[in-house]
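**Q** The structure's right below; bear with me while I get my questions together.
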Amino acid sequence: MEKLRKIIRLRRFWVATIFVLYSLFGFFVVPKIVQKQILKNVTEVTGRQATLRQVKVNPYILSISLRDFDLFEDDGSSLMSFREVYLDYQVSSLVRWAHTFREIRLDSVRVHARILPDGQPCFVDILARVEANAAADSAKEPPVVPKLIIGRFLVVGAELRGTNLAAEEPEVAVFAPIDLDLKDFSTIPERDGLYSMAATGAAGGSWAWEGTLKFDPPSSEGHFSMDGMHLTDIWQIAHQRVAFEITDGEMDWDLDYSFSVHGDSIVASLDQVGAEVTNLHLQSAQGGPELLVVQRLAMSGLSLRFPEQTVAVNRVGLDGADVTAWLDEDKILNWLELIPTMPESADSASAPVPLWLATLDTLAISNCSFHFEDHSTDPHFSFDVAPIA
């Protein structure tokens, strides 16, 4: 009996020892190893310096937290950063033969992509490194999509910033905050989940998406909407490329979509597409009178089919549009100056592009007017047409 007690005590001792060693290794040693390997691999892949302030590991529930990461450009500016990335790994991965996570959460991710003065994106060298590594790996064995099951994938408070330094004046667009919530995310064939995303766009509008997504074969369907996009902010981004100025206006739109990829063929459709522009005011970038005022332009019931290449629109309605046009002293229509000239393509003589078939059921115009002046005559000639309906 005494011998049995000694064996039991010995086993308890070894169990306790293994538990303590496992805990010490998991809580204190593994984080240092992970931190060192992450920074090493990031530097090798990107060719840039990175910092990672803290790595926390819980060996009991197999979770890991990466905190305060920053990837720097050569000039010291931040290319990408995040406050925290949290991964909760599941032991059930051993049974499912797929990497299974109860939750993956990305908190306050910041990405700043820049177009450099030479017209190249700041990350072009990173893409070249990744492509070279991928080509080397594919030569050894064909690439496969890893099997993943993620109970919940969260992106909270993300920001995507783009800066164009190739323009005469720097152009900046910011999408923030971006919140993404994917449930039952999976790359396993024929398995899908319900996902949703919300974001505030560069033009102040609210973007929302919800739908399903499959990876093998690739397919998705769902609903996308955007409300309250300020057209003045869109013009600010592109104002150096256009000869007109938008001084006011908002746009809303929403649609249902679906697409699937089968080998080399793509099947896609849009349904119930609706868009509305309100209170649009447009004038020449050189100033002067307003050339176009639209109280409301609405489209409803648009559907699109590919590869059939058909577009059908149920209704387009234009209400309260005022148009002003004139011929200058050289008999040039002022509106022609607002249309950007397109450079001739070297492939203009190539095979013609297949045509699309478009149909419109109803076009409704109400409360519109047209004002025209001819400055090439003496005295000037002008006329008005109103109301147009």
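The values are calculated or read from the model by the stated rules, or taken from the named source; none is laboratory data. Remember, it's a predicted structure, so these values are computed and weren't measured experimentally. All Cβ positions, even for glycine, are placed from backbone atoms using ideal geometry, and neighbour counts span all protein chains on display. The protein model used for the area step is the full one, side chains on, heavy atoms only, and it has no ligands, DNA or RNA in it. Shrake-Rupley method; radii C 1.70, N 1.55, O 1.52, S 1.80 Å.
**Q** Which numbered condition in (1) at pLDDT below 85; (2) among the hydroxyl-bearing types (Ser, Thr, Tyr); (3) within 17 Å of the chain's Cα centre (by Cα) is the only one that Thr163 fails?
**A** (1)
**Q** Out of the residues in the range 110-127 that are under 26 Å from Thr187 (Cα atoms) and free of Cβ contacts under 8 Å to residues at least 60 places away in the same chain, state the one that is surrounded by the fewest Cβ atoms within 10 Å (Cβ to Cβ).
**A** Only one residue tops the list, namely Leu127.
**Q** Checking the structure you have, find out if any residue of the range 169-182 is outside any strand (DSSP E or B) and under 30 Å from Gln240 (Cβ atoms).
**A** Within the range 169-182, one or more residues are outside any strand (DSSP E or B) and under 30 Å from Gln240 (Cβ atoms).
**Q** Here is a follow-up. Given (1) within 20 Å of Val261 (Cα to Cα); (2) touching a Leu at 6+ places or on another chain (Cβ under 9 Å), identify the lone condition not met by Lys214.
**A** The single condition Lys214 does not satisfy is (2).
**Q** Would you confirm whether or not the range 319-341 contains a residue that is within 24 Å of Val242 (Cα to Cα), hydroxyl-bearing (Ser, Thr, Tyr) and open to solvent by 60 Å² or more (accessible area, probe 1.4 Å)?
**A** yes
**Q** Another question, then. Please work out which residue is nearest to Asn133 (Cα to Cα), limiting yourself to the range 38-58 and to residues that are assigned to a helix (DSSP H, G or I), open to solvent by less than 50 Å² (accessible area, probe 1.4 Å) and not hydrophobic (A, V, I, L, M, F, W, C).
**A** Thr46
**Q** Now for a separate question. Can you tell me how many residues in the range 222-249 are of a type in the set (Asp, Glu), touching a Leu at 6+ places or on another chain (Cβ under 9 Å) and under 19 Å from Ala198 (Cα atoms)?
**A** 0
**Q** May I pose another question? State yes or no: is Asp68 acidic (Asp, Glu), on the phi > 0 side of the Ramachandran plot and not in a helix (DSSP H, G or I)?
**A** Judged against the criteria, Asp68 is a match.
**Q** Here's another thing I want to ask about it. Among the residues of the range 251-284, which ones are closer than 29 Å to Asn334 by Cα and loosely packed, with under 15 Cβ neighbours inside 10 Å?
**A** Asn279, the sole residue that qualifies.
**Q** Give the residue, chosen from Ala98, Ala113, that is at pLDDT 90 or above and touching a Pro at 6+ places or on another chain (Cβ under 9 Å).
**A** Ala113
**Q** Right, next: In the set Val155, Val172, which member is open to solvent by less than 60 Å² (accessible area, probe 1.4 Å), β-branched (Val, Ile, Thr) and either at pLDDT 75 or above or touching a strand residue (DSSP E or B) at 6+ places or on another chain (Cβ under 6 Å) (or both)?
**A** Val155
**Q** Does Leu304 fit the bill of being in a strand (DSSP E or B) and under 14 Å from Cys368 (Cα atoms)?
**A** So Leu304 does not fit the description; no.
**Q** Quick one: what pairs do we get from the range 21-45, first residue touching a residue at least 60 places away in the same chain (Cβ under 8 Å), second part of a helix (DSSP H, G or I) and open to solvent by 50 Å² or more (accessible area, probe 1.4 Å), C-beta under 8 Å, 6+ apart or different chains?
**A** Val45/Arg129; Val45/Val130; Val45/Asn133
**Q** Just a yes or no: is a residue in the range 295-306 in contact with a strand residue (DSSP E or B) (Cβ under 7 Å, 6 or more places away or on another chain) and farther than 26 Å from Thr359 by Cβ?
**A** Within the range 295-306, one or more residues are in contact with a strand residue (DSSP E or B) (Cβ under 7 Å, 6 or more places away or on another chain) and farther than 26 Å from Thr359 by Cβ.
**Q** Consider only pairs whose beta carbons are under 8 Å apart and that are at least six residues apart or on different chains; among these, list those whose first residue lies in the range 309-333 and is on the phi > 0 side of the Ramachandran plot and whose second residue is among the hydrophobic types (A, V, I, L, M, F, W, C).
**A** Pairs found: Gln309/Leu355; Gln309/Trp356; Gln309/Leu357; Gly320/Val293; Gly320/Val294; Gly320/Cys368.
**Q** So, one more: Scan Ser77, Ser23, Ser92, Ser65 and give me the residue that is touching a His at 6+ places or on another chain (Cβ under 9 Å) and of a type in the set (Gly, Ala, Ser).
**A** Answer to the check: Ser77.
**Q** Another one. Tally the residues that are assigned to a strand (DSSP E or B), surrounded by 12 or more Cβ atoms within 10 Å (Cβ to Cβ) and of a type outside the set (Phe, Trp, Tyr), restricting the search to the range 359-382.
**A** Counting residues in the range 359-382 that are assigned to a strand (DSSP E or B), surrounded by 12 or more Cβ atoms within 10 Å (Cβ to Cβ) and of a type outside the set (Phe, Trp, Tyr) gives 9.
**Q** Out of Thr232, Thr247, which single residue is part of a helix (DSSP H, G or I) and either β-branched (Val, Ile, Thr) or more than 21 Å from Glu168 (Cβ to Cβ) (or both)?
**A** Testing whether each residue is part of a helix (DSSP H, G or I) and either β-branched (Val, Ile, Thr) or more than 21 Å from Glu168 (Cβ to Cβ) (or both) leaves just Thr232.
**Q** Oh, and also: Testing Glu245 on (1) closer than 29 Å to Thr324 by Cα; (2) open to solvent by less than 30 Å² (accessible area, probe 1.4 Å); (3) at pLDDT below 95, one condition comes back false. Which one is that?
**A** (2)
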